[in-house]
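A short write-up of the structure that comes next.
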Amino acid sequence: MIEHLRKYTGLIIFVIALLFVGLAFFGDRASMGHSSPTNPVVLTVDGTSYNATHYRKLAEVPIALVMNQDTMGMTFQLGLYQYVGELDGLGDEQGARRFFINRLNLRDAAQDFGIDPSPDEIKARVQKAFVKQAVLDKDGAIKSPEAFDQEAYNEFVKQLPRFGMQEKDLLDLVNDILATEKLKEILGGSLAGSRSFAAESGASSEQQVTIQTARTALATFQEKITPTDEELKAAWETTKEKYMVERKIKVSYLLAKPQYPERKVEPPKLPTAVTEEAKKEEEKAEADKKAKEDAEYAATKRAIDDEVLSKIETILTGIQNSEGKDFEKLATENGWQLVATDFIQRSALPPELAISTAETRPVPVGDYLFRLTSSKEPLTAFTEALQLKDNAYLIARLDASEDERPKTFEEAKDQVKTDYIANKANEELKKDADDKAAKIREGLKAGKPFADVAKELGLEPKSLAAFKATDTVPGEPDVSSLFQTAATVDPGSLADPVIKPDSALFIFVEKRELVKDDKRNERIDQNVKQQANAMQSFTLRSWLRERLEATKVEDPRAKGKH
């Protein structure tokens, strides 16, 4: 019996892991609230408390997987990216909290509806996400068929612990994704896509158009506008709030960067052995030596990083204890010098401060600097220790500040003049374009060719050969805009003028033809499915919002109810 079991070790482990999923999915929520000083309760949902570990595992980790470049591809394949989006887990700092509550509510709903994804369904979703593509021979025949890529899956699982996640947590997550997809079908099961709408929208995008164009340059009108000081002052009086002198600040900061020892790189040593076996042993010894050196250097770097972090913590403690008075002294004692800036603006930071924090969602350092204030509380003038890339840290202090204020007319005059000319020129351009369009339509109605009417109006017509939305047209950088404008205009007609940043564009549609394509019906079917899925997603999101509003949530850290 034992020998038979040994044959199926991998399968047994997989089934046991799925049993853990079931326990996690339907387990007793009362056990979630066990807390300790290092693992406190962070949220209470409908009377059940959840500690930091559960909150991180159920909310922060899935979102981190979605946001991380190394794992983002697999999150699409597993359905995790859409799952996090539908549970409103992205967008702002409250996303993880919404995702956590929504995930709990969906688990309750799945239990109420009797939704329980089977082990085979979970296994199928995992295998579908990690697929080794089929290999063809030189004649196009299948040499090796598409198959589950066990190696790719193993590599993905190896990355999970750095997110605070294990394989059973991944299977738990896939379980929830599948349950949510089934619940979405139940909630929006009566919703279906429109085949006629799909056919019409498909025809619109899959056609090709033949057009003629002409343009009127904005510069033509700008050159003619020469406002007086009185006109500019009158314009400034009504738009003063637009012209402001930015807030300026002076800061002193320390930038703590780990200084790693230079690593000597030796050229690869060529094997000197004669026999293949001896060569392999020599290569293995060389590889082992390199691995050891890599591990030792990594340990050295970690020790230096820890030392820098320890010094930063010492400085932060000293700043707090001295209410900021010992900042310079603390920096010097720990081996760093403060850098003092002149007045700087948010829109023009010096290069050394035009950087971002090293986070899943990086935040510009300038955002922190321009939140600093001078007040009775000295510490409001200090940033926290901002972690940057390469394990560096920055701490800054506000030294001086000049508040934002309205510009005087003389200070704003050049900007006012630029805006005045731009506004007036755009008004003239639009009026001229409407007048010319009316005259072109009159000419077309009288049977004149578009090119002749355009020339009579001082325009230079240009003919474009038939093109589709995805084509490249020589001399036309914005093919998409041309196509979208022409796609719904009757052949032989002029589209409404398109006002561009630098011109007015006239588009005359000669032909619109549907391109023959044997796969059109297949795309229409796909579009109908996408419509239904979009409506079901909308229904799920609406249902989740209602449940979220009805859920009683308490945050012990805020000592308030939301």
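Where a number appears in this text, it was derived from the coordinates with a stated rule and is not lab data. All figures in this text were calculated on a predicted structure; none of them were measured in a lab. Note that we place each Cβ from the backbone using ideal geometry, even for glycine, and neighbour counts take in every protein chain shown.
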In sequence order, what are the phi-derived ³J(HN,Hα) couplings for region 255-264 according to the Karplus relation 6.51 cos²θ - 1.76 cosθ + 1.60 with θ = phi - 60°, rounded to whole Hz, with x for glycine and proline? 10, 9, 10, x, 9, 7, x, 5, 9, 7
V479 versus E121: modelled label distance in nm, points set 7 Å from Cα along the beta carbon direction: 4.4
Show the residues, 5+ positions off or on another chain, whose built amide H is closer than 5 Å to the amide H of L388. A358, Y393, L394
Distance in nm between pseudo-label sites at E296 and F113 (7 Å out along the Cβ direction from Cα): 6.0
Amide H proximity to K132 below 5 Å, modelled H, separation 5+ or other chain, gives A147, F148, D149
Could you pull out every residue, at least 5 positions away or on a different chain, whose amide H is within less than 5 Å of the one on S401? Hs are placed 1.01 Å off N in the peptide plane, and Pro or chain starts have none. K250
Tell me, in nm to one decimal, what length is gained between T238 and R162 on full extension, where the rule is 0.36 nm per residue of separation less the Cα-Cα distance? 21.7 nm
Label point at E377 placed 7 Å out along Cα→Cβ; residues across region 307-321 whose backbone nitrogen lies under 15 Å: 320-321
In sequence order, calculated HN-Hα J values of region 542-547 (Karplus, 6.51, -1.76, 1.60; Hz; x Gly/Pro): 5, 4, 5, 4, 5, 5
With a ≥ b ≥ c from the Cα gyration tensor eigenvalues, square-rooted, and the rule rounded for a/c under 1.5, otherwise prolate when a/b > b/c and oblate otherwise, region 87-131 is oblate
Just grab the label-to-label distance for T418 and L309, each label 7 Å out from Cα along the Cβ direction, in nm (one decimal). 4.6
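Could you work out the relative contact order of region 276-384, using alpha carbon pairs under 8 angstrom and six or more residues apart, expressed as a whole percent? Could you put the intermediate results ahead of the total?
Details: 53 pairs, mean separation 16.5, N = 109.
Reported relative contact order: 15 percent.
Let me make sure I get this right: for region 60-116, a, b and c are the square roots of the gyration tensor eigenvalues over alpha carbons, sorted descending. Under 1.5 in a/c it's rounded, otherwise prolate if a/b > b/c, else oblate. Which is it?
Details: a/c = 2.92, a/b = 1.47, b/c = 1.99.
Here region 60-116 falls in the oblate category.
For region 386-523, what class follows from the C-alpha gyration tensor (a ≥ b ≥ c being the square roots of its eigenvalues): rounded when a/c is under 1.5, otherwise prolate if a/b is larger than b/c, else oblate? Please list the in-between numbers first.
Working: a/c = 4.15, a/b = 1.57, b/c = 2.65.
Judged from the Cα gyration tensor, region 386-523 comes out oblate (a/c at least 1.5, b/c at or above a/b).
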Hey, which of these cross-link pairs are over 32 Å Cα-Cα: K242/K500; K132/K168; K417/K500; K257/K292; K424/K468; K325/K389? K424/K468
Could you compute the FRET efficiency for D342 and D496, with r as their C-beta to C-beta distance and R0 at 41 Å, rounded to 0.05? 0.20
Excluding P258 itself, what net charge comes from residues whose Cβ is under 11 Å from its Cβ, given Lys and Arg +1 and Asp and Glu -1? 0
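Placing unit charges on C-beta atoms (Lys and Arg positive, Asp and Glu negative, everything else neutral), compute the dipole magnitude of region 355-458 about its Cα centre in debye, rounded to 20. Intermediate values should be presented prior to the final figure.
Values: 18 positive and 21 negative charges, 117 e Å.
Here the size comes out at about 560 debye.
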Normalised alpha carbon radius of gyration of region 286-330 [divisor 2.2 N^0.38 Å]: 1.87
